[in-house]
Amino acid sequence: AQRVTQPEKLLSVFKGAPVELKCNYSYSGSPELFWYVQYSRQRLQLLLRHISRESIKGFTADLNKGETSFHLKKPFAQEEDSAMYYCALHGNQFYFGTGTSLTVIP
Amino acid sequence: SAVISQKPSRDICQRGTSLTIQCQVDSQVTMMFWYRQQPGQSLTLIATANQGSEATYESGFVIDKFPISRPNLTFSTLTVSNMSPEDSSIYLCSVEEGYTGELFFGEGSRLTVL
């Protein structure tokens, strides 16, 4: 069965520290994986997708098929990164994780 | 990118009543999606609204409880019928533009059932 797991509901880091938001997935086919973000008082929006291999706002995510993971990383967290982050898998529909609330402490 | 207007943004309703949520997109899209996000939970797909045909419901969701209309390529409504406190949730309208795999979301409708 398709499933996306984000083990951390809450994550706090200090400004300038590295941050990693974990995401593991279960999918029988070849997955398309995404990270969506929701900033305070804004709507949910796409942050990045694995096929583009881009760095968006300093964030990167590498698909590890062996570990079935798609962790989101940023080397130096900024206060404006504080938001809710959702990992999502696109199979026959979109499957979302439960989200991780990131707080960057000044 | 698609711009989605969703209303109401929030409402407080009495048990047993029904509420209709509207979703307007600024461009024509083939499929529109309705999600539910219960407190502390993930986004769960309720149904896919197809223009000109009945909506496709996911397991655990039925048309009698969540009737959907899709009169044209830019508009859809979701009705939450005979509400109970368990229906208290955020309901989100979403579209996928082209086949990019990117979803665009409305601002959500926060529903509280007393």
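Scan segment A:74-84 and give yes if some residue there is within 12 Å of chain B (Cβ to nearest Cβ), within 16 Å of the chain's Cα centre (by Cα) and not in a loop (DSSP other than H, G, I, E, B), otherwise no.
Yes, some residue in segment A:74-84 is within 12 Å of chain B (Cβ to nearest Cβ), within 16 Å of the chain's Cα centre (by Cα) and not in a loop (DSSP other than H, G, I, E, B).
List every residue pair whose Cβ atoms lie under 6 Å apart, where the two residues are 6 or more positions apart in sequence or sit on different chains, the first residue falls within segment B:18-46 and is surrounded by 13 or more Cβ atoms within 10 Å (Cβ to Cβ), and the second residue, located anywhere, is among the basic types (Lys, Arg) and in a strand (DSSP E or B).
B:Gln22/B:Lys7; B:Thr44/B:Arg36; B:Ile46/B:Arg36
Are any residues in segment A:13-31 surrounded by fewer than 15 Cβ atoms within 10 Å (Cβ to Cβ) and either among the polar types (S, T, N, Q) or within 12 Å of chain B (Cβ to nearest Cβ) (or both), and if so, which ones?
Those that are surrounded by fewer than 15 Cβ atoms within 10 Å (Cβ to Cβ) and either among the polar types (S, T, N, Q) or within 12 Å of chain B (Cβ to nearest Cβ) (or both): A:Ser26, A:Ser28, A:Ser30.
Residues in segment B:34-41: is at least one assigned to a loop (DSSP other than H, G, I, E, B) and either in contact with a Leu (Cβ under 8 Å, 6 or more places away or on another chain) or modelled with pLDDT of 95 or more (or both)?
no
Suppose we keep only residues that are of a type in the set (A, V, I, L, M, F, W, C) and closer than 19 Å to B:Ala49 by Cβ within segment B:86-114. Which one would you say is surrounded by the fewest Cβ atoms within 10 Å (Cβ to Cβ)?
Taking the candidates together, the pick is B:Ile90.
Check A:Phe34 against each of (1) under 15 Å from the mean Cα position of the chain (by Cα); (2) away from chain B (no Cβ under 13 Å); (3) of a type in the set (Phe, Trp, Tyr) and name the one condition it does not meet.
For A:Phe34, the exception is condition (2).
Evaluate the following for A:Thr103: is it touching a residue at least 60 places away in the same chain (Cβ under 8 Å), under 18 Å from B:Gln38 (Cα atoms) and surrounded by 13 or more Cβ atoms within 10 Å (Cβ to Cβ)?
no
Tell me yes or no: at least one residue of segment B:61-68 is within 13 Å of chain A (Cβ to nearest Cβ), under 18 Å from B:Gln38 (Cα atoms) and at pLDDT 95 or above.
yes
Please work out which residue is surrounded by the fewest Cβ atoms within 10 Å (Cβ to Cβ), limiting yourself to segment B:47-85 and to residues that are charged (D, E, K, R) and part of a loop (DSSP other than H, G, I, E, B).
B:Asp64
Within segment A:50-72, does at least one residue satisfy the condition of being crowded, with 16+ Cβ neighbours inside 10 Å, under 21 Å from B:Pro39 (Cα atoms) and at pLDDT 95 or above?
The answer is no, given that none of the residues of segment A:50-72 is crowded, with 16+ Cβ neighbours inside 10 Å, under 21 Å from B:Pro39 (Cα atoms) and at pLDDT 95 or above.
Return the total of residues in segment B:1-17 being surrounded by 16 or more Cβ atoms within 10 Å (Cβ to Cβ) and within 11 Å of another protein chain (Cβ to nearest Cβ).
2
Can you tell me which residues in segment B:2-17 are over 17 Å from B:Phe105 (Cα atoms) and either part of a strand (DSSP E or B) or without any contact (Cβ under 8 Å) to a residue 12 or more places away in the chain (or both)?
Selection gives B:Asp11, B:Ile12, B:Cys13.
When residues of segment A:38-73 are filtered for being among the β-branched types (Val, Ile, Thr), in contact (Cβ under 8 Å) with a residue 12 or more places away in the chain and away from every other protein chain (no Cβ under 11 Å), how many remain?
Total meeting the criteria: 2.
The values are calculated or read from the model by the stated rules, or taken from the named source; none is laboratory data. The structure displayed is predicted, hence computed values, not measured ones. When we count neighbours, we look across all protein chains shown, and the Cβ atoms used for this are built from the backbone with ideal geometry, even at glycine.
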